[in-house]
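Scroll down for the structure; my scribbles are underneath it.
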Amino acid sequence: MAMSEDTRNLGAGGPGSTVDPAEIAKFSKLSAEWWDPNGKMAPLHRINPLRLAYIRDAACRKFERNAKSLNCLSGLRMLDIGCGAGLLCEPFTRLGADVVGIDPAAKNIAAARLHAEKGHLSIDYRNTTLEDMDARERFDIVLAMEVVEHVTDVGVFLGRCAAMLKPGGMMVASTLNRNWKSFALAIVGAEYVLRWLPRGTHQWSKFVTPDELTKHLLDNRLVVTEQSGVVYNPFADKWGLSTDMDVNYMVVAEQMV
């Protein structure tokens with residue numbers, strides 16, 4: 001497969017890279033859809049408030065902030081890996097965080113910058129990969145939301161995430177469990193039956209079980225402090241937190257003392 005303009009200059013697929021060029025090309029095609037709540041990214045818009053609240057509340061507990069404050073994340077530096085067009089970067093910027101959003105797809109970053117400009121928001125968007133960032137940079141919070149299942153080497157990727165944390169920092173990751181239930185719901189149901197996502201958005205073989213994710217985090221001296229399943233209630237037409245981690249789930253991890 002020929003490498004697209006979005007990946008050609010980013011070392012995607014090169015030695016030591018966890019970036020999958022095919023995954024970048026896939027999401028690059030959706031760049032114009034990111035901010036349309038009724039378009040192909042509608043499921044992400046629907047689940048976004050839940051993700052935002054989960055991360056905000058975890059950060060406020062960790063850094064002893066008032067989650068009800070409009071600037072509860074003021075003074076905290078945040079890295080959003082695979083930020084797309086900034087669906088998380090913008091609300092966290094409004095909450096006071098100093099946000100850096102990175103994505104290897106140039107079209108996604110262009111869409112993110114344009115939308116931020118329209119909202120008069122100052123966000124440090126970069127068309128780059130985690131591997132190509134300055135190794136000296138550090139963050140209070142590192143986000144890897146719906147990214148883990150798209151990288152080529154989960155352990156290496158999480159190691160680089162851990163290396164970007166300041167002492168006492170925290171990481172939040174969300175991904176998909178790997179079992180027959182997740183195959184039935186996240187791929188057959190979401191992509192083929194309900195058409196929530198374009199076909200081929202996910203590869204079931206790349207889904208990561210909670211035990212696997214926990215082990216990779218521990219290997220990089222990160223311990224899981226919180227975890228929650230994310231489930232869809234068709235009767236209420238709403239996403240919510242749950243003890244059921246069979247399909248979608250999120251974890252908070254902190255550095256081992």
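Just so you know, all these numbers are worked out from the coordinates, no wet-lab data involved. Just so it is clear, the structure is predicted and the values come from calculations on it, not from any experiment. Neighbour counts run over all protein chains shown; Cβ positions are idealised from the backbone, glycine included.
Dividing the convex hull volume of the Cα atoms of the stretch 110-176 by its residue count, what figure in Å³ per residue is obtained?
Dividing the Cα hull volume of the stretch 110-176 by its residue count gives 119 Å³.
Neighbour counts of other C-beta atoms within 10 Å: give me 34, 239, 180 arranged from fewest to most.
180, 239, 34
Could you work out how much longer the chain between residue 209 and residue 223 gets when fully extended? Use 0.36 nm per residue separation minus the Cα distance between them, nm to one decimal.
So the extension gain works out to 3.5 nm.
Test of understanding: extend the Cα→C-beta vector of residue 66 to 7 Å, then name every residue of the stretch 74-101 with backbone N under 16 Å from that spot.
74-75, 95-96
Can you check how the C-alpha radius of gyration of the stretch 21-255 compares to 2.2 N^0.38 Å, as a plain ratio?
Ratio of Rg to 2.2 N^0.38 Å for the stretch 21-255: 0.95.
What length, rounded to one decimal in nm, is gained on full extension from residue 235 through to residue 42, with 0.36 nm per residue of separation minus their alpha-carbon distance?
Extra length from residue 235 to residue 42 when fully extended: 67.7 nm.
At a threshold of 8 angstrom on Cα-Cα distance, excluding pairs fewer than six apart, so keeping six or more, what relative contact order does the stretch 44-170 reach in percent?
Relative contact order of the stretch 44-170: 23 percent.
Quick one: length gained pulling residue 152 to residue 137 fully straight, 0.36 nm per residue minus the C-alpha distance?
Separation in residues times 0.36 nm, less the Cα-Cα distance, equals 3.1 nm.
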